[in-house]
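J.: Following this message is one structure expressed as structure tokens.
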Amino acid sequence: MPATSLDQIVSLCKRRGFIFPGSEIYGGLANTWDYGPLGVELKNNVKREWWETFVHKRPDMIGTDAAILMNRRVWEASGHVTSFTDPLIDCKKCKARFRGDKLLEEKIGVEAVTVLTLDQIQPMMMAENVVCPNCGKNDWTPTKQFNMMFKTHQGVVEDAAALVYLRPETAQGMFVNFKNVIDTMRMRLPFGMGQIGKAFRNEITPGNFTFRTREFEQMEIEYFFDPSVTDWETLFEEWKALEWEWFTSLGLSPKRLRFREHTQEELAFYSTRTIDIEYLFPWGWGELSGLANRTDYDLAQHEQFSGQDLKYTDPDDPTRKFLPHVLEPTFGCDRSVLTFLLEAYTEEILENGETRTVMKFHPSIAPIDIAILPLSKKEHLIAKAKELYNKIVQETDLVVDFDVTGSIGKRYRRQDEIGTPKAVTVDFGSLGEDSAQGEKDTVTIRDRDTLEQIRVPIGELIASLER
Ligand code: GAP
């Protein structure tokens, strides 16, 4: 059973060092979150799994890591300067700002709202008596389009010429490097570029912990193909299945996942078809990842705005030059981490009646792989445990925690709460002091999920700990 309320996760994340409120000692900065020691391990594992699956293990994929600050012409060409907007509405009474469409959706449903034009949102909100979540009044200004890109200035002069945007998606970093990649990497269509990195959006209504923030990380793929050779609909189905499989292979239950097709009215300005994978969050279904057919929209726009030839030359017929089409599988990194946290959260009633909270992370993303726990603070037990710790960290790539504080029971509880799959207890048997019981030079390995404890000879410990 996963977490049933977001509060369970927010509280565990703070208590156990996964995610802290941003700038906390200064009273915080609304909707910013800092990954703590365990959160960064979890997030890095998620990114590593994604990179291995979609970049390292595929001969048709390469990686990039473009700059966050890009020439602002990139965003003029991509359409973000004119079209990356949300409908903003102000409460006349308390001046609070909201996404008008989102408030209306709660009242009349997504389908009914997506068919409305911008001018129709405010009258409909008045007619449907949509009240301000802040002051409870139904008195709204007309809706305005609000561009969500963060602006800053490059260099010391803060004038219009120095204006730059913080990228709102990582995707454009791949399109503008398309020519560099085909010139240097000898890639043949179909091939893809993958990138993981920060994106920034001045969201009107961020919230639900790390679900919607203004600074977040994306894991995106631009998969280029020749539309006269590859059937885009077949390729679309393949990528749909691959996205689904990635989430389920890392522990998300298919019961809490679904595909949702975008309606024509809802489609982003660059897409002819988009499908999302949604997760059943404690507050309802929400977007986790997407898949869009961006056709040759972006390359054509960049060719036009930059004046550069971005065409691909058919290696089998060098007289044939064309702009490839592209499918875009896109994953929210922070949203993925949030779903893995929600899904892992489990409360169990033990035989003695106590409740055990355990994070049942898939072993490949658990922040800590192994805990080494000396049974007590006796010096010779600690020395032996340290010797084992050093051996494991030197001979494997496992992340190991060494914990001596508190009773062994409390330490098991802590490791359960942070989701460590295996705990190794060093006791008197490890030192040969229990040799009468036949437990000479052995340790106990405790399994997080089954609570089963097995004794293994120290010489076989590393082999038994493989992920
Ligand atoms: N390049 C296409 C693109 O950016 P998107 O659907 O706007 O598409 C992709 O974003 C993914 O990024 C989403 O599926 C979501 O997981 C994540 N995402 C978008 N906005 C976000 C936000 N404000 N906070 C956290 N994650 C966000």
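J.: Inside the range 300-335, can you point out the residues that are part of a helix (DSSP H, G or I) and closer than 30 Å to Leu38 by Cα?
T.: Taking the range 300-335 first, the residues part of a helix (DSSP H, G or I) are 300-306, 333-335.
Scanning the range 300-335 gives Cys333, Asp334, Arg335.
J.: Only residues that are outside any loop (DSSP other than H, G, I, E, B) and near the ligand (Cβ under 7 Å from one of its atoms): list them for the range 194-239, please. Lay out the reasoning, then the answer.
T.: Applying the first criterion (outside any loop (DSSP other than H, G, I, E, B)) to the range 194-239 yields 194-200, 207, 212, 215-225, 232-239.
Answer for the range 194-239, where residues must be outside any loop (DSSP other than H, G, I, E, B) and near the ligand (Cβ under 7 Å from one of its atoms): Ala199, Arg212, Phe216, Gln218, Glu220.
J.: With the requirement that a residue be at pLDDT below 95 and of a type outside the set (S, T, N, Q), what does the range 154-177 give you?
T.: Pass one, the range 154-177, residues at pLDDT below 95: 154-163.
Correct list: Gly155, Val156, Val157, Glu158, Asp159, Ala160, Ala161, Ala162, Leu163.
J.: Another question, if that's okay. Quick check on my filter: what residues within the range 1-46 are charged (D, E, K, R), closer than 20 Å to Glu347 by Cβ and assigned to a helix (DSSP H, G or I)?
T.: First, the residues of the range 1-46 that are charged (D, E, K, R): 7, 14-16, 24, 34, 41, 43.
Now drop any that are not closer than 20 Å to Glu347 by Cβ, which leaves 7, 14-16.
Asp7, Lys14, Arg15, listed by residue number.
J.: Looking at Ala3 and the list (1) under 19 Å from the mean Cα position of the chain (by Cα); (2) modelled with pLDDT of 95 or more; (3) not polar (S, T, N, Q), which single condition is not satisfied?
T.: Every listed condition holds for Ala3 apart from (2).
J.: Right, here's the next one. If Arg446 satisfies all but one of (1) loosely packed, with under 13 Cβ neighbours inside 10 Å; (2) in contact with a helix residue (DSSP H, G or I) (Cβ under 8 Å, 6 or more places away or on another chain); (3) not in a loop (DSSP other than H, G, I, E, B), what's the number of the condition it fails?
T.: Result: Arg446 fails condition (1) only.
J.: In addition: Which count do you get for residues in the range 336-352 that are under 10 Å from the mean Cα position of the chain (by Cα) and either surrounded by fewer than 23 Cβ atoms within 10 Å (Cβ to Cβ) or more than 30 Å from Thr272 (Cβ to Cβ) (or both)?
T.: The initial filter retains those residues of the range 336-352 that are under 10 Å from the mean Cα position of the chain (by Cα), namely 336-340.
Then keep just the ones that are either surrounded by fewer than 23 Cβ atoms within 10 Å (Cβ to Cβ) or more than 30 Å from Thr272 (Cβ to Cβ) (or both); that gives 337, 340.
Counting residues in the range 336-352 that are under 10 Å from the mean Cα position of the chain (by Cα) and either surrounded by fewer than 23 Cβ atoms within 10 Å (Cβ to Cβ) or more than 30 Å from Thr272 (Cβ to Cβ) (or both) gives 2.
J.: I would also like to ask the following. What is the residue count in the range 286-329 for residues that are surrounded by 18 or more Cβ atoms within 10 Å (Cβ to Cβ), in contact (Cβ under 8 Å) with a residue 40 or more places away in the chain and away from the ligand (no atom under 16 Å from the Cβ)?
T.: Number satisfying all stated conditions: 3.
J.: Something else: Going by what's in this entry, would Phe216 be described as in contact with a Cys (Cβ under 9 Å, 6 or more places away or on another chain), in contact (Cβ under 8 Å) with a residue 24 or more places away in the chain, crowded, with 18+ Cβ neighbours inside 10 Å and within 21 Å of Phe84 (Cβ to Cβ)? Reasoning before the result, please.
T.: Numbers: in contact with a Cys (Cβ under 9 Å, 6 or more places away or on another chain): yes; in contact (Cβ under 8 Å) with a residue 24 or more places away in the chain: yes; crowded, with 18+ Cβ neighbours inside 10 Å: yes; within 21 Å of Phe84 (Cβ to Cβ): yes.
The answer is yes for Phe216.
J.: Let me ask you something else. Out of all the residues in the range 247-299, which are modelled with pLDDT under 95 and part of a helix (DSSP H, G or I)?
T.: Residues satisfying the conditions are Gln264, Glu265, Glu266.
J.: Among the numbered conditions (1) more than 21 Å from Thr152 (Cβ to Cβ); (2) at pLDDT 95 or above, tell me where Gln218 comes up short.
T.: (1)
J.: Could you pull out every one of the strands (runs of 3 or more DSSP E) wholly within the range 336-440 that has 3 or more residues that are charged (D, E, K, R) and closer than 30 Å to Phe211 by Cα? Steps first, please.
T.: On the way: elements: 345-349, 355-359, 370-374, 400-402, 422-426.
Output list is empty.
J.: Considering only the range 246-264, I want to know if a residue exists there that is closer than 26 Å to Leu69 by Cβ, within 14 Å of the ligand (Cβ to nearest atom) and not polar (S, T, N, Q).
T.: Here is the first cut: in the range 246-264, the residues closer than 26 Å to Leu69 by Cβ are none.
Within the range 246-264, none of the residues are closer than 26 Å to Leu69 by Cβ, within 14 Å of the ligand (Cβ to nearest atom) and not polar (S, T, N, Q).
J.: In the range 211-257, which residues are within 22 Å of Leu280 (Cβ to Cβ) and among the aliphatic types (A, V, I, L, M)?
T.: Within the range 211-257, Met219, Ala241, Leu242, Leu250, Leu252, Leu257 qualify.
The values are calculated or read from the model by the stated rules, or taken from the named source; none is laboratory data. None of these values were measured; they are calculated from a predicted model. Because the Cβ atoms are built from the backbone with ideal geometry, glycine has one as well, and the counts that use them run over all protein chains shown.
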